[in-house]
Amino acid sequence: MADTAPSTQIRFSIDGRELDAAPGQSILEAAQAIGIEIPHLCHQPGLRPDGNCRACVVEIEGERTLAPSCCRAPAPGMVVRSTSERAQRAQKMVLELLSADLPAQAQTADSEFARWRRQLGVDASRFDARPPCPDDTSHPAITVSLDACIQCTRCVRACREIQVNDVIGYAQRGAAAHIIFDLGDPLGRSSCVGCGECVQACPTDALRVAAEPATSAPTTQVDSLCPYCGVGCQLTYHVQGEKIVRVEGRDGPANHARLCVKGRFGFDYIHHPERLTRPLIRREGKPKSLDGFDPSRPLDVFREASWDEALALAADGLRQIREAHGGRSLAGFGSAKGSNEEAYVFQKLVRTGFGSNNVDHCTRLCHASSVAALLEGVGSGAVSNPVADVADADVILIIGANPSANHPVAASFIKNAVKAGKTLIMMDPRRTDLARHARYFLQFRPDSDVALLNCLIHVIIDEGLVDQHFVEQRTEDFAALREQVADFSPERMAPVCGIDADTLRTVARCYARANAAMIFWGMGVSQHVHGTDNVRCLIALALITGQIGRPGTGLHPLRGQNNVQGASDAGLIPMVLPDYQRVDDPAIRARFEAAWGCALDPVPGLTVVEIMDAALAGQIRGMLIMGENPAMSDPDLNHARQALASLEHLVVQDIFLTETAAFADVVLPASAFPEKDGSFTNTDRRVQLGRAALKPPGDARQDLWILQQLAMRMGCQWPFQDTAGVFDEMRRLMPSIAGIDWQRLLREESITYPCHSADDPGQPILFSDDFPTSNGRARIVPAGLVPAAERPDTEYPLVLITGRLLEHWHTGAMTRRATVLDALEPDPVVMMAPSVMAGLGVGPGDMVRLYSRRGQVEAQVRVDAGMREGEVFLPFCYREAAANLLTHDALDPWGKIPEFKYCAVQLEALASCAATEAADHVR
Ligand SMILES: Nc1nc2c(c(=O)[nH]1)N[C@H]1C(S)=C(S)[C@@H](COP(=O)(O)OP(=O)(O)OC[C@H]3O[C@@H](n4cnc5c(=O)[nH]c(N)nc54)[C@H](O)[C@@H]3O)O[C@H]1N2
Ligand SMILES: Nc1nc2c(c(=O)[nH]1)N[C@H]1C(S)=C(S)[C@@H](COP(=O)(O)OP(=O)(O)OC[C@H]3O[C@@H](n4cnc5c(=O)[nH]c(N)nc54)[C@H](O)[C@@H]3O)O[C@H]1N2
Ligand SMILES: [Mo]
């Protein structure tokens, strides 16, 4: 060993053993690396060493005092003793002193602290205890027992330095010192976002999971992933009997053991009493409607059936329509919450069993415009660089995204980067949490992205900040861009986008001059009738400045669902087969026809909103919808629900009786995320493994099994034995994952594609040499100004922005059935600026009615100083106030994405509505 150790290693000895420490390693860490455990409490891997508890003291030869090994660096030749009598006496004394204050339950708990006490043989303490203090149970997820706190400050560092939420602080001095939340508030009334990083850090259970059962029954641990967003956090489920009792972050490449409130506390939806456990068939004569529909009373509308009966009915209905009207009269919505294998099998079922390309999924409502612009510009629709690259960036630009709420763990790495000195630029009509970390926050007018971005491009060209070499060598059509943006001077654009000319210049320079600058964007960019144009501008910005193809640069559309990247890759898209291979390319089609043994429809299929329109027009007659809830998530719901109701035959495969299931003829109860094995692809293009921790409840079945049963009954003969078998077929047809096989995935847990061969480590950063376009160059596509489809007017004077809340997932199907999440955000709210409230004469908590030309909803007012005047924000997760009753289905012509982020509404205080109604009544 000694010969091979690099010279930078520091050789020393501990407890008689020679060892090498890497530069920067503490004595404690070096000892741990060779299996010597020194007691420690305030030290936690990943947290800055603090050295406050002194449980880890060791004796160093030649030194008079003991040294804390967690923050002491070894020196060459140092002789350290961690188990000498003197060191151990001190370690034990620390534990005994700390034990004195602990309440009884903390003495016996299975905490890290209790384990150290047992290990060192410290039982009862000889010292006087502090007077006990009552638990703080104000937070639905986390219980605080301050008397079990040993002031190790791990929670403070976890909250401030890891998650950068700055909720936990340290108050007073000496014996009175204690942790506080905000200014000494109860946790439940503080600004805590419930990420639970403090719970994971606490060694004494002073901060603990509120709902965790006190029983000491054995738990099994299953390594898996988070089922919510595209960040792709790795986690471990702790299972007791048939229940998940706790979730812990795992050290995955995308999360490094961090989680957010949903990933940590939002998993008990799977145990909700409304879980579907038996196949359901609509009762004769029950109207397809949401009026009076109650998901807790399925038998009002449906009757239970055996799998045989339900599957036969489901498949027969579809087959009859296919036989009578052709494959193009059927359509399927697959799921971005399912695995890659499920998505692949779903699109194969539609393409070979239904007989058309009418297969789509929520990507259409999400980043369809981004993907359209990216494929056109750089030849690949996925991100160019992973989130983790923020550590290599100098400038981070975020536009139209709210990562603190929607990609919270990614947001924590962005905040870490800002703390490390990187410059954050944020652009959004709404000031969201992350904006307080931004050097430049541009609260511009919604709908004016092209004006804003073209202006930045104008400044960059005007001031000679273009990367000429990059533009000449790697791109085409720069001249057209120069011409297009000539009129977009800061002075002309300032009034259009609401940002002053100086700021526009400063920000353009900041981005262009950075050594490495990275762009993230979200739905605020993509969900517009000019979504594709918005993204064209972002691509142009990166291309003309050469901010792409290197670490810390590039384009990152933050992907939403946990597997929207993978579902798209697997072919849940009407124009392309798996791996974005066009269905209208005869050579590609021939390849798939040979592999699948049947003829394929050469015509690209319809998209989500087009399918709804076609259903209403009688052209689409039958549908299979798996793991999507369009009766809540589609725009203009009155129209979409009418379309669903008009289908001759609708099969819904879900885990709950959703609003969409209310229109179903057959409902098939499926497996939830923690009940299945499968691969999932995160926003960074990392393919990762989800593992089953539980069996589906009752008679619910695996999604993959259900899809294959339907396929078989529609005449498909498939050879799949298991999930791995499906993946194997996928990799043979998808060049970008050809190098990933199931065994490798099991071994490595996370592999980034493109990965072409078994020895390809995967490519996290794309485009370093060329672009995957026909000539290897990126195409610069200029964009002009296109207004939103429905602008405010005197009748509907306000702009409605729809979006998300941290605690809820989309249509609420899962999170409103998760105890903690629903307790945190139980009621429909609409956010608005104080001035809008004053204008209406309403206060926080008052009810208002929102109207658009298409529908109306009622919600509670929430004051949001981050909103601009003239705009209101409504989350779309509440079925009793479904935001999409108000939105409209105007589409972006390229991405076919609806304009969820902009329509015109009117607001009325409900008290005054009531008064008007009463007056009407009297008349
Ligand atoms: N908690 C939670 N997390 C989620 C989800 C969830 O439902 N809940 N969903 C997941 C999914 S699928 C997705 S796609 C992502 C979405 O994540 P985000 O893209 O962050 O989502 P949104 O909240 O819809 O919108 C982002 C921002 O767009 C801004 N915006 C509105 N109009 C405009 C405009 O004209 N221009 C610009 N530039 N910005 C505008 C809004 O003010 C808002 O801050 O989140 C994922 N993560
Ligand atoms: N107004 C407005 N509307 C929007 C948006 C917006 O910003 N504003 N955003 C749009 C965007 S970006 C998106 S991505 C869409 C999302 O729209 P959807 O995908 O329709 O919304 P989810 O609520 O995520 O639906 C997921 C469904 O899958 C079910 N499910 C969960 N896990 C499983 C599983 O393992 N198996 C099966 N079979 N089912 C499962 C859930 O119960 C739920 O019914 O919404 C879009 N709609
Ligand atoms: Mo999304």
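The values are calculated or read from the model by the stated rules, or taken from the named source; none is laboratory data. Model, not experiment: these values are computed from the prediction. Note that each Cβ is placed from the backbone with ideal geometry, even for glycine, and that neighbours are counted across all protein chains shown. Heavy atoms of the whole protein, side chains included, go into the accessibility calculation; ligands, DNA and RNA do not. Shrake-Rupley method; radii C 1.70, N 1.55, O 1.52, S 1.80 Å.
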* Structure fact -> Once Lys and Arg are counted +1 and Asp and Glu -1 for all other residues with Cβ under 15 Å from that of LEU95, the total becomes +2
* In sequence order, calculated HN-Hα J values of the stretch 365-372 (Karplus, 6.51, -1.76, 1.60; Hz; x Gly/Pro) -> 8, 10, 10, 4, 5, 4, 5, 4
* **Inter-part distance where the stretch 187-238 and the stretch 407-464 are each reduced to a Cα centre, Å** => 32 Å
* **Coil-residue GluC sites (Glu not before Pro) of the stretch 22-89, DSSP, other Cβ within 10 Å capped at 13** => GLU37, GLU61, GLU63
* In the full protein assembly as shown, how much of ARG621 is accessible to a 1.4 Å probe, in Å² to the nearest 10? -> 60 Å²
* Structure fact -> Whole-Å distance linking the alpha carbon centroid of the stretch 749-764 with that of the stretch 26-44 is 34 Å
* Protection proxy ranking of 754-762, 556-564 - average other beta-carbon atoms within 10 Å, highest first -> 556-564, 754-762
* Helix 85-100 sits at what angle to the longest principal axis of the chain, using alpha carbons and giving 0 to 90 degrees rounded to 10? -> 60 degrees
* Percent antiparallel among DSSP beta bridges with both residues in the chain, to the nearest 5? -> 55 percent
* Share antiparallel - DSSP beta bridges, the stretch 789-918, percent rounded to 5 -> 60 percent
* **For VAL395, net neighbour charge (Lys/Arg +1, Asp/Glu -1) across residues whose Cβ lies under 14 Å away** => +2
* **Percentage of interatomic Cα-Cα distances in the stretch 547-607 larger than 12 Å** => 72 percent
* **Value of Rg to Rh for the chain (Rh from inverse mean 1/r over Cα pairs, i.e. Kirkwood)** => 0.98
* Hey, any idea what Rg/Rh is for the stretch 430-578, computing Rh the Kirkwood way over Cα pairs? -> 0.98
* **Cα long-axis angle, helix 723-733 against the chain (0 to 90 degrees, to the nearest 10)** => 60 degrees
* Can you list, largest first and rounded to whole Å, the semi-axes you get for the stretch 136-252 by taking the square root of 5 times each eigenvalue of its Cα gyration tensor? -> 26, 17, 13
* Structure fact -> Rounded to the nearest 10 degrees, the helix 531-544 long axis (Cα) sits at an angle to the longest Cα principal axis of the chain of 50 degrees
* **In the stretch 729-783, trypsin sites (Lys or Arg not before Pro) in a DSSP loop with at most 11 other beta-carbon atoms within 10 Å** => none
* Leading residue at positive end of dipole, the stretch 581-702 (Cβ point charges), from VAL687, LEU657, PRO697 -> VAL687
* Asked: Which of the lysines could be linked to LYS415 by a straight reach, that is with a Cα gap under 22 Å, when you skip same-chain ones fewer than 8 residues away?
  -> LYS262
* Structure fact -> Order by accessible surface, 1.4 Å probe, largest leading, for residues HIS639, HIS256 comes to HIS256, HIS639
* To do: Please give the calculated 222 nm ellipticity per residue for the chain, where each DSSP H segment of at least 4 residues contributes -39500 (n - 2.57) and the sum is spread over every residue; nearest 500 deg cm²/dmol?
  => -8000 deg cm²/dmol
* Taking the Cα-to-Cβ direction at ASP135 and at ALA211 and moving 7 Å from each Cα, how far apart do the two end points lie in nm? -> 1.5 nm
* Within 10 Å, count the other beta carbons around each residue, average over each peptide in 853-861, 768-776, and list them highest first. => 853-861, 768-776
* Structure fact -> At the level of C-alpha centres, the distance separating the stretch 477-516 and the stretch 547-562, in angstrom, is 22 Å
* Could you rank the peptides 787-797, 329-339, 86-96, 408-418 by their average count of other C-beta atoms within 10 Å per residue, with the highest value first? => 329-339, 408-418, 86-96, 787-797
* To do: Report ³J(HN,Hα) in whole Hz for each residue of the stretch 333-345, in order, from the Karplus equation J = 6.51 cos²θ - 1.76 cosθ + 1.60 where θ = phi - 60°; Gly and Pro get x.
  => 9, x, 10, 8, 8, x, 7, 4, 5, 5, 5, 5, 5
* Structure fact -> Filtering chymotrypsin sites (Phe, Trp or Tyr not before Pro) in the stretch 669-775 by DSSP loop and by at most 10 other Cβ atoms within 10 Å leaves none
* In sequence order, what are the phi-derived ³J(HN,Hα) couplings for the stretch 383-389 according to the Karplus relation 6.51 cos²θ - 1.76 cosθ + 1.60 with θ = phi - 60°, rounded to whole Hz, with x for glycine and proline? -> 5, 8, 9, x, 3, 4, 5
* Charge dipole (the chain, unit charges on Cβ, about Cα centre) - positive-most of LEU644, SER296, VAL231 -> VAL231
